[in-house]
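Structure, as structure tokens:
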There are 2 protein chains.
Amino acid sequence: MKSHNITISDIAKELGITPSTVSRALSDSPRVNDKTKKKVQETAQKMGYHQNVMASMLRKGSSGSIGIIIPRINRHFFSNAISGIERIVNPAGYNLLIYQTEELYQKEVEGIQAFMKNRVAGIILSIAAETTHFEHLNNLQNKGIALVQFDRVTDLVHGPKVINDNFNGAYLAVKHLIQTGHKRIAHLTGAPHLNVYRERLRGYMQALTDHGIQPDQALVFDNSITRDGGAANIGKIMSLNADAIFCAGDYAALGAIQELKNLNIAVPEQVAVVGYANEPFSEIMTPSLTSVEQNAFEMGTRAAQALIDMIENKDNAHDHTDIIPVRLIVRQSSLVSTY
Amino acid sequence: MKSHNITISDIAKELGITPSTVSRALSDSPRVNDKTKKKVQETAQKMGYHQNVMASMLRKGSSGSIGIIIPRINRHFFSNAISGIERIVNPAGYNLLIYQTEELYQKEVEGIQAFMKNRVAGIILSIAAETTHFEHLNNLQNKGIALVQFDRVTDLVHGPKVINDNFNGAYLAVKHLIQTGHKRIAHLTGAPHLNVYRERLRGYMQALTDHGIQPDQALVFDNSITRDGGAANIGKIMSLNADAIFCAGDYAALGAIQELKNLNIAVPEQVAVVGYANEPFSEIMTPSLTSVEQNAFEMGTRAAQALIDMIENKDNAHDHTDIIPVRLIVRQSSLVSTY
DNA sequence: CCATTTAATACAAACGTTTGTATTTTTGTA
DNA sequence: TACAAAAATACAAACGTTTGTATTAAATGG
């Protein structure tokens, strides 16, 4: 039943040559004659040969896979980023190992360890919300495993990073709200220790002060990035006489809008809402949601390219941060009715 | 700089014992004394040892990874299924290789070949829309690579399958439309050679005839499963005096509803619409969309479990098809206003 | 036609485990 | 104390490649 996997030695025997020439023939080495190359490739085909990657990689020292660690795969942003990564990584001959942390520090450590055991050539990582210290990552560096950080990053770990322009995205969103006549703009955001939310908050603040509005700390709500978080804070927000809400995520914006509807508060007439991430539902909901598009696919390709460069040039040092531009997509939730 | 990866031989040398005992100690074999086990495990820890999986797997013959091939990862259904698969597969000590076909036959073949090279222990596959012949899969069987088909399956290839109850889902949806007073029910569906659409069509037909409605072939629209497909057929559908549309996917339903809105046709009052898949936006859109929930996560866990059983029992033969129940979620798009 | 370079192939070791068999050490018993 | 039985460990081969070095065959030139 179990037909033994055929090896280069089988091919060698078949042709009366030696395994090393077969190996070289298959990898198109200049050291072997074109005629034998052809013969080898043909019989390999005929005998149904498939290279044993484990043997190859054992000999060569590094695995042909790269690992990716993300909070969760069923988020539009991350699954699109994965598509981008795959687009680069597959043609380059690597394959993708995927690990979800579900935002847990413990699972992040486990993922790193699993990847070390598998001798991945490199890792693309987006840090879990729970993670606040980073020894598990420093370990990687001296193991010779390349690391690229992506979206959720920390400056406490060296190496290339690919992020989107959180500051500017927030700045654009808030500027837009101001220019459409809003003055008291609340901000729903996430865990403040994560760079993405810290930067968006900074953009929010800067846009306000640049336009002569004094920021009010009472209007900033941490850890309110979920749909429930969006809904839960509406009462407080309205009691503070806000006329707009800038949410650091579309889910919070969704929750906010639904709660506003429940309270019969008109969006955008009484309160305008802007989100972040341009989730697929943003365009579809009523009112459609103004949001910041992050270009996840592009971020994936950039991160993957940076990783491959790092692997193949063994260039562990450079600390470059690649900032992907974002784009504000204006929809109904922020257009005042006078338009 | 590049500190050489430490091996079991290093540990052995350190302790003045032999690599084989180290290996057995680390895998908790009964053949080694508890005291030495402890000593080995401690020094392994101390020296920062990480097993070289490639060497291990080369020796053991099979890799510790399982591969998954799906049309695309950024679909709610598939990314949730992956989460389910991971939930089973990681604790069992395997890791996940992921390959997207983008519905292309060629990429499906490539994926299979990449996985054969990697000597994956097994593959979970959801067939690409373009794929209509299956030699590349029959190949796997005699290579000893386990295969579980999942969602998009074909009876032309043996082995376990996990699908959702497409027939029943469609039946429930159409029955619901009939019971809410609809009589001329159109059906938007996908490529008829795919089991999922074939079965949903069958459920649609059966529900109609069971309730004394003569199916009208003119009301069935093949290859209209996209958002555009949903919108494009509305003119034709209305000219045929339909009072309801059952779509084999939520995107088609979305396109249909938006086009109906454009034409000022009231949903559900003039035309009721039901979708399939319960995409995240279905609940959010206006009107909210009645849809069939497929339980992707559960399907993933089942498929993963079936694969692991198959791998570990070497039980290649059984042809069981696991049918996961579905659930109709009734929302506004199908409730007549008289309620 | 022989010497010499170059092209083509063969040889052999190595990557880091695992595992069957052999050997040594310990334990138990008469 | 001697001896068998059991426990613990050592030895060595194997998994399928890759790759540096050695060898043989072919080509070149005087």
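The values are calculated or read from the model by the stated rules, or taken from the named source; none is laboratory data. From a predicted model like this one, the values you see are computed outputs, not experimental measurements. Counting neighbours? That spans all protein chains shown, and the Cβs are built from the backbone with ideal geometry, glycine included. Only protein heavy atoms, including side chains, enter the accessible area calculation; ligands, DNA and RNA are left aside. Shrake-Rupley method; radii C 1.70, N 1.55, O 1.52, S 1.80 Å.
Pull up the cross-link candidates among the lysines for B:LYS261, meaning alpha carbon to alpha carbon under 27 Å and not fewer than 8 places away within one chain.
A:LYS261, B:LYS175, B:LYS183, B:LYS236
Take the Cα atoms of region A:1-106, build their convex hull, and give its volume per residue in Å³.
On the way: hull volume 17.6 nm³, N = 106.
Dividing the Cα hull volume of region A:1-106 by its residues yields 166 Å³.
Where the accessible area of the protein assembly as shown is counted over protein heavy atoms with a 1.4 Å probe, how much of it, in %, is carbon and sulfur? Could you put the intermediate results ahead of the total?
Working: 14540 of 29350 Å².
The C+S portion of the solvent-accessible surface of the protein assembly as shown is 50 percent.
Taking the alpha-carbon set of region A:8-51, what are its Rg and Dmax in Å?
8.9, 24
Using only C-alpha atoms and all pairs of different ones, pull out the Kirkwood radius for chain A in Å with one decimal.
Here the Kirkwood hydrodynamic radius works out to 22.6 Å.
Counting heavy atoms of the protein chains only and a 1.4 Å probe, report the per residue accessible area for the protein assembly as shown as a whole number of Å².
That works out to 43 Å² for each residue.
Expressed as a whole number of Å, what is the distance separating the alpha-carbon centroids of region A:220-243 and region A:74-144?
33
For A:LYS13, give me every one of the lysines with a C-alpha distance below 27 angstrom, ignoring sequence neighbours fewer than eight places off in its own chain.
Answer for A:LYS13, where 27 Å is the Cα cut-off: A:LYS2, A:LYS35, A:LYS37, A:LYS38, A:LYS39, A:LYS46, A:LYS60, B:LYS60, B:LYS117, B:LYS143, listed by chain and number.
Evaluate the relative contact order of region A:102-251 (contact order divided by residue number), counting alpha-carbon pairs under 8 angstrom at least 6 apart; express in whole percent.
Taking the mean separation of contacting Cα pairs over the length of region A:102-251, I get 21 percent.
Run the label-point distances for B:ASP322 please: 7 Å along Cα to Cβ, every other copy, nanometres, shortest first.
Between copies, matching label points for B:ASP322 lie 3.9 nm apart.
Note the buried accessible area between B and A here, summed over both chains, with a 1.4 Å probe, in Å² to the nearest 100.
Buried area between the two chains comes out at roughly 4400 Å².
How far apart, in nm, are two points set 7 Å out from the Cα along the Cα-to-Cβ line at B:HIS318 and at B:HIS133?
Placing both labels 7 Å along Cα→Cβ, they lie 3.3 nm apart.
With an 8 Å cut-off on Cα pairs and a minimum separation of 6 or more residues, tell me the relative contact order of chain A in percent.
Details: 631 pairs, mean separation 58.0, N = 339.
This gives 17 percent for chain A.
Under the definition of Cα pairs under 8 Å and six or more residues apart, what whole-number percent is the relative contact order of region A:8-51?
RCO, region A:8-51: 35 percent.
Hey, with R₀ at 45 Å, roughly what FRET efficiency would B:GLU298 and A:LYS13 work out to, going by the Cβ-Cβ distance, to 0.05?
Working from the Cβ atoms, E equals 0.35.
Note the distances from A:PRO280 to each other copy's matching label point, with points 7 Å along the Cα-to-beta-carbon direction, in nm, sorted shortest first.
0.9
If you take each beta carbon of peptide A:71-78 and count the beta carbons of other chains within 10 angstrom, what is the mean?
5
Semi-axes of the protein assembly as shown's equivalent ellipsoid from the Cα gyration tensor, sqrt of 5 times each eigenvalue, largest first, rounded to whole Å?
After diagonalising the Cα gyration tensor, the semi-axes are 47, 36, 21 Å.
Provide an ascending nm list, one decimal, of label-point separations from B:GLN217 to the equivalent residue in each further copy; define each label point as 7 Å from Cα along Cα→Cβ.
7.4
Counting other Cβ atoms within 10 Å, which trypsin sites (Lys or Arg not before Pro) in region A:16-72 have at most 10 and lie in a DSSP loop?
The qualifying sites are A:ARG31.
What per residue convex hull volume, in Å³, comes out for region A:51-137 when only alpha-carbon positions are used?
Values: hull volume 7.9 nm³, N = 87.
Spread over its residues, the Cα hull of region A:51-137 gives 90 Å³ apiece.
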